[in-house]
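What follows is a set of notes on a single structure, which appears directly below.
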Amino acid sequence: MPELMAIMQLGAPILRQKATWVDNTQDEYIQKLIDDLIVTVAQANGVGIAAPQVAASCRLFIVASRPNLRYPHAPVMEPTAMINPRIIAHSTEIVQGWEGCLSVPGIRGLVPRYQAVEVAYTDRHGQLQKQKLTDFVARIFQHEYDHLDGVLFVDRVENSFDMMSEDEYQKTVINHT
C-alpha cells in the first residue's frame, strides 16, 4: 500500500546532491517509491516531485499536473513516473514563470525556463519514452530535473525582487489571472 512520505526541506543535504542512476527500473523498491511519490505529491498539492525530495537519491521523478490549491490553472494529466530522464532538445525561447517547491514552502520565484523541451525517460514498465513537452508541463519537467542535480528553483531566480511569499502570490498573481 502506498505511503505518504516526509518531504525534505531547504537545507537538507540530499537536496543539493546529484542523484544516482536507476539500474533496475523493475526493482521492488523503485516501484514502491513511484507509488509513494504519487500519493505524496497529490496530498501536498504539488504538480511534481523528485525522489531526492523524499530522501531517496535516485534519478526518478513524477510529473503530475492537475489543478489544485497551489496551481489552480494547471492542465490535467495522469501522474507519470520518469526514470533516468534527460533533455534531448529544447526551444530557443525562454519564458519566465512563477514556481514554488514542496521543499521550499511559503516562497514563489519567477524562473526562466525553456518554453518547450524534448525529453527521454524510462517509464515504470521499463520502456523508453520520448515526448515533447511545452508550457507548464515543460516547466514542471525542468524543475524536477533540476532536483536530480541538486539544483533548486531559488538558484535560478535572477534577482531577489522576483520572489514573494506564497500568501502574496495567491493574493496578487492567482487572484488576478
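So what are the ³J(HN,Hα) numbers for the stretch 155-169, from phi and the Karplus equation (6.51, -1.76, 1.60; θ = phi - 60°), rounded to whole Hz, Gly and Pro as x?
Karplus values, whole Hz, x for Gly and Pro: 6, 9, 5, 6, 7, 5, 6, 8, 10, 8, 6, 4, 4, 5, 4.
For G97, which sequence-distant residues (separation of 5 or more, or a different chain) have an amide H within less than 5 Å of its own amide H, given hydrogens modelled in the peptide plane?
V111, R113
Within the stretch 105-177, list the GluC sites (Glu not before Pro) lying in a DSSP loop whose Cβ has at most 15 other Cβ atoms in a 10 Å radius.
Loop-located and lightly packed - E158.
Out of L133, I107, P72, whose Cα points farthest toward the positive end of the dipole of the chain (charges: +1 Lys, Arg; -1 Asp, Glu; placed on Cβ)?
The Cα lying farthest towards the positive end belongs to L133.
So what J values fall out for the stretch 116-121 if you push phi through Karplus, 6.51 cos²θ - 1.76 cosθ + 1.60 with θ = phi - 60°, rounded to Hz, Gly and Pro as x?
Karplus values, whole Hz, x for Gly and Pro: 9, 9, 9, 10, 10, 7.
Under 37 °C and 0.692 mPa s, how fast does the chain diffuse according to Stokes-Einstein, given a Kirkwood radius computed over C-alpha pairs? Answer in µm²/s, whole number.
The calculation lands on 201 µm²/s.
In what sequence, highest mean first, do 95-103, 1-9 appear when ranked by Cβ atoms within 10 angstrom?
Highest-to-lowest ranking by the protection proxy: 95-103, 1-9.
Determine how many Å³ per residue the convex hull of the Cα atoms of the stretch 73-142 encloses.
Spelled out: Cα convex hull of the stretch 73-142, divided by residues, is 100 Å³.
Would you mind counting up the charge near H90? Only other residues with Cβ under 11 Å from its Cβ, with Lys and Arg at +1 and Asp and Glu at -1.
0
None of the figures in this text is laboratory data; all of them are computed from the coordinates on show. Keep in mind the model is a prediction, meaning the values are calculated, not measured. No Cβ is skipped: glycine too gets one built from the backbone with ideal geometry, and neighbour counts run over all protein chains shown.
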